[in-house]
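Written out below as structure tokens is the structure these notes cover.
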Amino acid sequence: MENPRFRDELLQESFGELIERKLVLDLNEALYLLKKGRIKIKHGKKDLTEETLLNMGISEDKRFYTKYLVFEDLRSKGYVVKTGYKFGFDFRVYPKGKKPGEAHTQYVVNVCKQNDVFKMHEMSRMIRLSGNINTLLVQAVVDSENHINYYQIIRSQP
């Protein structure tokens, strides 16, 4: 990012991470900002299109488009969304109006399509992990029309 003022503006909006004075965006953030017309991404002298960036994501992760839909939806609702890979989830989400460092992660989000199947031990692992890091577990389900339903999953004891 060549413009320090714009870089700082994006950082204030909780996009990316500052590494050696450069703003590094993850692929979801880059695609989101590109679609909003806020950034351009160059490969050599050529501008990358949304489609090219989307295909790059899909080539790295076949679930990228589904996960991007959830990222875009949460971000458009005012949440700060960051990757949750180190915690075993697709995303971690901060309370509205808060940034990383100002508040603890409120939700961890697992993304799936409507026909995906989970085994009980997978669900149990997600519930246990979210409890260990004091967050709420949200399952985002993307249907065949790309509508998203969110389900909070909690552990209950009789």
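The values are calculated or read from the model by the stated rules, or taken from the named source; none is laboratory data. Just so we're clear, the structure is a prediction, and the values are computed from it rather than from any experiment. A quick note on method: Cβ atoms are made from the backbone with ideal geometry, for glycine too, and the neighbour counts reach across all protein chains shown.
Worth pointing out:
- Test: Y79 is aromatic (F, W, Y) and either over 24 Å from G16 (Cα atoms) or touching a residue at least 12 places away in the same chain (Cβ under 8 Å) (or both): yes
- Those strands (runs of 3 or more DSSP E) of region 1-97 in which 1 or more residues are under 15 Å from the mean Cα position of the chain (by Cα), crowded, with 19+ Cβ neighbours inside 10 Å and not aliphatic (A, V, I, L, M) occupy 80-83, 91-94.
- In region 65-99, the residues that are in contact with a Lys or Arg (Cβ under 7 Å, 6 or more places away or on another chain) and of a type in the set (S, T, Y): T66, Y79
- Residues being at pLDDT 95 or above, surrounded by fewer than 14 Cβ atoms within 10 Å (Cβ to Cβ), of a type outside the set (S, T, Y) and not in a loop (DSSP other than H, G, I, E, B) - total across region 129-151: 1
- Condition met for G131 (on the phi > 0 side of the Ramachandran plot, over 10 Å from the mean Cα position of the chain (by Cα) and not assigned by TED's automatic domain parsing to the domain that holds D26): no
Each row is one residue, and each column tells you yes or no for (1) of a type in the set (S, T, Y); (2) modelled with pLDDT under 95; (3) in contact with a helix residue (DSSP H, G or I) (Cβ under 8 Å, 6 or more places away or on another chain).
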{"site": "P4", "(1), (2), (3)": "no, yes, no"}
{"site": "D8", "(1), (2), (3)": "no, yes, no"}
{"site": "I19", "(1), (2), (3)": "no, yes, no"}
{"site": "L33", "(1), (2), (3)": "no, no, yes"}
{"site": "G44", "(1), (2), (3)": "no, yes, no"}
{"site": "T66", "(1), (2), (3)": "yes, no, no"}
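- Test: residue in region 118-128 that is surrounded by fewer than 15 Cβ atoms within 10 Å (Cβ to Cβ), among the aromatic types (F, W, Y), assigned to a loop (DSSP other than H, G, I, E, B) and more than 13 Å from the chain's Cα centre (by Cα): yes
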